[in-house]
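The values are calculated or read from the model by the stated rules, or taken from the named source; none is laboratory data. On a predicted model such as this, the values are computed, not experimentally measured, just so you know. Backbone-built Cβ (ideal geometry, glycine too); neighbour counts: all protein chains shown.
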Amino acid sequence: MRTLLLLCGLLFSINLWASIDTLQFDSVAQEEQYRDLQKLGPFDLKTSSWVKTPADIRKLGGALFCDRRYNQVFLYHNGADSYYAARGFRGALSV
C-alpha cells in the first residue's frame, strides 16, 4: 500500500478536523509526511498547510501547520480559530 499526500484546497471553517473527517482521507498529513513530500519538490512556497496536531494541543485550541521558506521546511503553531483558519491542508490517502 502506498500513501499519497494531496493538496486538498482551502477550508473556510474553524472546525477543520471535523470537515476533513467527511472527506474520506486516512488522515491529515503528519509533519513527517509533509517533510517527505517536500523531498519531491518545493511546495507551499507562498502558502502553508495545516498538519496533524496532537489531541492535547487541539483540546487547548491550538493547531500546527507547515510551509517551505528559504529552502527549509518550518513547523508553526496557531489557534485553529485564527485568521488563518482558511489555510489549506494536505490529506494522506493510502492506495
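What to note about this one:
- Candidates A85, A63 - the one that is at pLDDT 85 or above, outside any loop (DSSP other than H, G, I, E, B) and small (G, A, S): A63
- Residue within segment 30-43 that is in a loop (DSSP other than H, G, I, E, B), modelled with pLDDT under 90 and under 21 Å from D81 (Cβ atoms) present: no
- For segment 45-69, a residue qualifies if it is out of contact with any His (no Cβ under 9 Å at 6 or more places or on another chain), within 14 Å of D81 (Cα to Cα) and either of a type outside the set (D, E, K, R) or surrounded by fewer than 15 Cβ atoms within 10 Å (Cβ to Cβ) (or both), and the qualifying residues are W50, K59, L60, G61.
- Selection count, segment 44-54, where residues are under 14 Å from F65 (Cβ atoms) and either aliphatic (A, V, I, L, M) or part of a helix (DSSP H, G or I) (or both): 1
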